[in-house]
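The values are calculated or read from the model by the stated rules, or taken from the named source; none is laboratory data. Computed from a prediction, not measured in an experiment: that's the story for all the values here. Reconstructed Cβ throughout: ideal geometry from the backbone, glycine too, with neighbour counts over all protein chains shown. Keep in mind that these areas ignore ligands, DNA and RNA; they rest on the heavy atoms of the full protein, side chains included. Shrake-Rupley method; radii C 1.70, N 1.55, O 1.52, S 1.80 Å.
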Amino acid sequence: RINMNLNRMKKSILLLLLAIPALTKAQNVMTETRQELTSPDGAYRFTFYQRSLGEDNARMYYTLTYKNRPVVEESELGVQIENQLFESALGVPNDTCHFWCENLKLTDTDHRKSDETWKPVYGERAEVRDCYNEMTLKFRKGEGQGTTEGGYDKRKNYFMNIIVRAYNEGVAFRYHFPETTNGLFLHITGERTSFTMPEGTMAYYERWAQGPYELRPLSGWGKEESERPLTMKLPDGLTVALLEAEMVDYARGKFRLSAEKPSTLETSLYSSVDVISPYNTPWRVIMAAERPVDLINHTDLVLNLNTPCRMSDTSWIKPGKVFRSGLKQAEVMAGIDFAAERGIQYVHMDAGWYGPEMKMSSDATTVSPDKDLDIPALCKYAESKGIGLMVYVNQRALVQQLDSLLPLYKKWGLKGIKFGFVQIGNQYWSTWLHDAIRKCAEYEMMVDIHDEYRPTGFSRTYPNLMTQEGIRGNEEMPDATHNTILPYTRFLAGAGDYTLCYFNSRVKNTKAHQLAMAAVYYSPLQFMFWYDNPAMYKGEEELEFWKAIPTVWDESRALDGEIGEYIVQARRSGKEWFVGAMTNTEARTITLTTDFLKPGTKYRVNLYEDDDKLNTRTKVRTTHKKIKAGDKLTLKLKSSGGAALHFTPDK
């Protein structure tokens with residue numbers, strides 16, 4: 001009996017010791033700072049509070065739930081700043097200003113609501129709803145004794161605000177530095193922004209924008225960082241994505257694992273940032289969904305977090321399909337003829353037309369001596385066929401010659417430029433790139449950015465930025481599993497220039513899989529027949545799908561799917577619907593319910609499916625059916641396969 005009592009006492013002491021940290025943690029919450037924000041539908045709940053960590057030391061934290069389920073557990077907020085002038089203005093020791101999130105006093109909170117709609121120049125939908133609840137948390141550093149130094153008045157000025165927006169589609173927050181008398185200079189060395197996820201969360205890790213995905217736990221990454229968007233599967237079944245919006249003149253953020261706190265992602269900036277108030281940092285965005293496809297259906301969130309269009313005239317911006325030609329005069333003309341016959345709107349001349357692209361000495365105002373290209377004449381020929389001409393220019397030439405290239409290219413009659421091998425990451429090159437897009441708009445040039453650039457919604461502000469790479473596409477020939485991860489990861493950020501192939505022998509997937517990409521993957525400039533040439537086309541009937549399909553839409557709906565397994569995407573243009581279904585390396589049967597069609601309307605559907613029994617080189621069967629809205633279609637997808645469907649009202 002004595003031993004039993006001793007054991008009970010030991011257990012009681014152990015439980016008490018375990019409880020002390022939790023009790024201490026609960027006690028140092030500054031309850032007067034607790035603020036909450038919910039989404040219009042009540043599903044998301046963002047909670048902010050501070051903790052006292054000692055005298056003059058309070059840090060900022062938040063949690064996020066979705067339908068009362070944890071999405072982000074207690075995580076830190078804040079910005080790291082080093083600035084001697086700023087420290088002098090505050091009258092505090094140097095080391096206390098290195099962490100901007102410490103010793104901030106919450107002095108005011110504003111709330112507002114917004115519910116508007118806007119019409120994009122083009123997009124995945126003809127109309128976008130922008131509906132959110134907003135909370136602005138206003139902070140001062142310390143108490144402020146009323147001195148004025150360096151344009152900073154401690155009696156009047158807020159030092160930093162945190163702006164939080166809760167949408168039905170997700171939650172976003174950013175740091176805002178209000179305007180001061182003379183403008184406050186800030187040297188930002190990093191962020192304290194973190195995301196502590198529920199234990200057992202798995203992430204679709206990707207080290208660089210054009211890299212392969214790995215499904216990893218939130219542990220064992222070492223010093224490696226993951227690109228954004230970062231999509232994760234939570235142990236309770238929720239799917240969560242972390243994104244970045246309106247990153248225009250800041251440093252790119254990636255995600256690294258915390259060395260101190262388990263299951264915690266920290267925001268890792270490529271480099272330091274120098275800004276003058278007033279200034280907004282990029283939005284940190286969190287989206288959650290019970291079905292992974294609902295993330296795809298909520299991609300307007302990134303656009304809503306960007307500044308509305310600043311262009312007075314957008315009538316010249318024309319989305320369309322693009323064919324890459326050879327670099328001889330006759331090859332470009334043949335490409336123009338092919339484009340006109342196949343319903344393609346643009347022909348592109350790629351790297352090499354003006355000389356070795358990697359040499360600083362290459363002059364992008366002149367055609368390389370070893371090429372017989374007459375670009376003004378080609379532009380006129382293309383125009384006679386209703387086709388536009390575009391060219392590739394490496395950033396080495398753009399940096400040196402952009403101001404002289406733009407008026408010249410407009411005079412030639414070119415419609416767009418593909419930026420190649422852009423520098424990305426630090427604040428300087430981020431600012432340069434977006435300024436270059438603005439300059440292109442002045443000369444009515446559409447832009448496609450290749451290599452590592454990932455979108456954050458700037459196409460809303462300057463819609464001449466049509467698309468961008470930042471994706472592992474058909475230049476790398478990925479497998480079907482990778483292709484069925486992309487809609488739930490990379491495409492959440494915006495349009496992706498995948499460079500669709502069809503005839504090339506290195507493609508790892510079926511022809512119907514490739515066909516379906518044109519409906520599944522969104523890109524207002526959609527490059528097709530990459531690595532192909534006009535002579536490869538032999539009148540294949542299934543390629544009528546690519547001829548008919550547009551690149552921008554009145555309505556888009558992701559219908560069904562699982563990350564890395566399959567995706568079914570429907571899109572409407574006018575009265576016609578296009579559907580793409582893609583599976584991974586496993587065969588599967590999908591039942592497609594056509595309740596997206598207009599009720600009471602009869603449709604004719606052209607169905608393109610893989611069929612190994614056909615004695616044709618592409619082995620794609622074409623079937624014509626008549627159906628009505630709500631009818632079900634059975635799609636049998638072979639391994640690495642897919643299906644493409646085109647619905648038109650039956651006359």
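At a glance:
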{"quantity": "Residue list for region 432-453, restricted to those being open to solvent by 10 Å² or more (accessible area, probe 1.4 Å) and in contact with a helix residue (DSSP H, G or I) (Cβ under 8 Å, 6 or more places away or on another chain)", "calculated": "W432, K439, E442, Y443, E444, Y453"}
{"quantity": "When residues of region 262-321 are limited to those that are more than 30 Å from D41 (Cα to Cα), assigned to a strand (DSSP E or B) and not charged (D, E, K, R), the one most open to solvent (accessible area, probe 1.4 Å)", "calculated": "I276"}
{"quantity": "Residue within region 518-535 that is farther than 19 Å from Y608 by Cα, of a type in the set (D, E), free of Cβ contacts under 8 Å to residues at least 40 places away in the same chain and out of contact with any Leu (no Cβ under 8 Å at 6 or more places or on another chain) present", "calculated": "yes"}
{"quantity": "Residue in region 552-561 that is within 19 Å of D300 (Cβ to Cβ), touching a Pro at 6+ places or on another chain (Cβ under 9 Å) and surrounded by fewer than 22 Cβ atoms within 10 Å (Cβ to Cβ) present", "calculated": "no"}
{"quantity": "Filter result (of a type in the set (A, V, I, L, M, F, W, C) and touching a strand residue (DSSP E or B) at 6+ places or on another chain (Cβ under 6 Å)) within region 114-130", "calculated": "W118, V128"}
{"quantity": "Strands (runs of 3 or more DSSP E) completely within region 5-122 that count 1 or more residues being open to solvent by 60 Å² or more (accessible area, probe 1.4 Å) and either over 30 Å from Y522 (Cβ atoms) or modelled with pLDDT of 95 or more (or both)", "calculated": "29-38, 44-52, 69-77, 104-118"}
{"quantity": "Residues that are in a strand (DSSP E or B), touching a residue at least 24 places away in the same chain (Cβ under 8 Å) and more than 18 Å from E565 (Cα to Cα), drawn from region 207-251", "calculated": "S226, L242, L243, E244, A245"}
{"quantity": "T467 vs. criteria in contact (Cβ under 8 Å) with a residue 40 or more places away in the chain and either small (G, A, S) or closer than 21 Å to G123 by Cβ (or both)", "calculated": "yes"}
{"quantity": "Answer from E586, E544 - the residue that is surrounded by fewer than 23 Cβ atoms within 10 Å (Cβ to Cβ), of a type in the set (D, E) and part of a helix (DSSP H, G or I)", "calculated": "E544"}
{"quantity": "Among the residues listed as D650, D612, the single one being surrounded by fewer than 13 Cβ atoms within 10 Å (Cβ to Cβ), under 16 Å from H513 (Cα atoms), touching a residue at least 12 places away in the same chain (Cβ under 8 Å) and not small (G, A, S)", "calculated": "D612"}
{"quantity": "For A535: the one exception among (1) out of contact with any Lys or Arg (no Cβ under 6 Å at 6 or more places or on another chain); (2) surrounded by 21 or more Cβ atoms within 10 Å (Cβ to Cβ); (3) of a type in the set (G, A, S)", "calculated": "(2)"}
{"quantity": "Test: residue in region 345-354 that is of a type in the set (S, T, Y) and part of a loop (DSSP other than H, G, I, E, B)", "calculated": "yes"}
{"quantity": "All positions within region 395-431 that are part of a strand (DSSP E or B) and small (G, A, S)", "calculated": "G416, G420"}
{"quantity": "Subset of region 171-205 [among the acidic types (D, E) and surrounded by 22 or more Cβ atoms within 10 Å (Cβ to Cβ)]", "calculated": "E191"}
{"quantity": "Residues of region 559-577 that turn out to be assigned to a loop (DSSP other than H, G, I, E, B) and closer than 21 Å to H482 by Cβ, as a count", "calculated": "3"}
{"quantity": "Count of region 238-261 residues which are out of contact with any strand residue (DSSP E or B) (no Cβ under 8 Å at 6 or more places or on another chain) and not acidic (D, E)", "calculated": "2"}
{"quantity": "Tabulated pairs, region 335-353, first aromatic (F, W, Y), second surrounded by 17 or more Cβ atoms within 10 Å (Cβ to Cβ) and assigned to a helix (DSSP H, G or I), C-beta under 8 angstrom, 6+ apart or interchain", "calculated": "F338/P534; Y346/A339"}
{"quantity": "Single unsatisfied condition, D372 versus (1) open to solvent by 40 Å² or more (accessible area, probe 1.4 Å); (2) within 35 Å of the chain's Cα centre (by Cα)", "calculated": "(2)"}
{"quantity": "V399 vs. criteria under 30 Å from T281 (Cβ atoms) and out of contact with any helix residue (DSSP H, G or I) (no Cβ under 6 Å at 6 or more places or on another chain)", "calculated": "yes"}
